[in-house]
1. Note down the relative contact order for the chain as a percent, whole number, built from C-alpha pairs under 8 angstrom at least six residues apart.
2. Once fully extended, how much extra length lies between residue 198 and residue 56, figured as 0.36 nm per residue of separation less the alpha-carbon to alpha-carbon distance?
3. Magnitude of the Cβ-charge dipole of region 5-122, K/R +1 and D/E -1, about the Cα centre, nearest 20 debye?
4. Where a ≥ b ≥ c are the square roots of the eigenvalues of the C-alpha gyration tensor, would you call region 98-248 rounded, which needs a/c under 1.5, or, failing that, prolate if a/b is larger than b/c, or oblate?
5. Measuring from a point 7 Å past the Cα of residue 14 along Cα-to-C-beta, which residues in region 153-187 have an amide N at less than 18 Å?
6. Could you work out how far the C-alpha centroid of region 263-320 sits from that of region 115-162, in angstrom?
7. With the Cα gyration tensor of region 226-283 giving a ≥ b ≥ c as the square roots of its eigenvalues, does the rule (a/c under 1.5 for rounded; else a/b larger than b/c for prolate; else oblate) give rounded, prolate or oblate?
8. Nearest 0.05, what FRET efficiency do residue 214 and residue 302 give at R0 = 35 Å with Cβ-Cβ as r?
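Please treat every number below as a calculation from the coordinates, not as lab data. Keep in mind that this is a model prediction, so the values were computed, not measured. Glycine also receives a Cβ, built like all others from the backbone with ideal geometry; neighbour counts cover every protein chain displayed.
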Amino acid sequence: MAREKAVVVGAGGISNAWFGPLVQEEVNVAAVVDLRLEAARGQIEKYGLSAEASTDLKAMLEKHRPDFAVDLTIPESHCSVTCAALEAGCHVVSEKPMASGMEEARKMVRAAEKTGRMYMVSQSRRWDARHKSIQEAVARGRIGELTTVDCGFYLGAHFGGFRDEMPSPLILDMAIHHFDLVRYMAGADPVAVYAKEFNPKGSWYKGDAAALCIFEMTDGVMFAYRGSWCSEGCHTDWNGNWRFVGASGSILYEQGEAPRGQAVAGDTGFNRPLNDFQVSLSEVAREGMHGGLGEMLNYLRTGAVPQTECHDNIKSLAMVFAAIESSRTGQRVPVMAME
């Protein structure tokens, strides 16, 4: 059994992506907390855990004194759950997005600072060999100094349920993945955005299910985002299709293909001669949510700060709410993480 003890908060569908890695890492899951006691009991039985089922988070934190909590609740509950765990002396790894608004997110960051506990957010797409390989290729200057990044994301997603009623389903529920990915792969942070959300003809969503965004990033990098959750036919995958443009080459990352690129190989001709290259895939020890759990465990064992700790991840969340504000006001909006 691993040294680390955890309390898991939330036993809904997303918890299935976490209990497997927790069992594999032999984490001592002391309790599973959910508003529905039967859901907590169900997951304990399903994964063969010797854990206590409860609806009372405070009582479980006081009784078991875990090393960390895993917050798998809905975004509207993240602030109260995470702050309670931090104040009880626990470190926290949480599902994305950090919070349902920027004020809550800032409160959570301040709580982590006040308590001296680690609070990190799991951005599952960071722990993907393709994404790590692009990040390393860009950082090594394989295409020269990065200037421009494009991402296109198009799916006809018939969820049903709450997403169909959300005011900004694409930006709020999905684009956080792409916004965090551009920060990771490009090695740049947001400065300002101009965005337009809209709901195309034929949409089955009540809110705006499509968006066009232009982000100014640090180091002069420009990021263009085009996305829709009500685009029928010719779908991208969930990661989207990407183009990275540098001063001396480009990298493409598209559905079903490994990242590939071309770099300038001469200095004459209307179109300069180009050499094709494949982006060598990097190794990722743990993928997806397992990667987030792995970084929390590594922090507990070595003190190495996770790449998605709260002071960093709030910048990705700020991109979401700045884009929504820009669409609402029709203005360029600075992206402000902490005030």
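1. Relative contact order of the chain: 18 percent.
2. 47.0 nm
3. 200 debye
4. Oblate, since a/c reaches 1.5 and b/c is not below a/b.
5. Only 159-181 pass the distance filter.
6. 7 Å
7. Note, shape of region 226-283 comes out prolate.
8. Efficiency computed from Cβ-Cβ geometry: 0.30.
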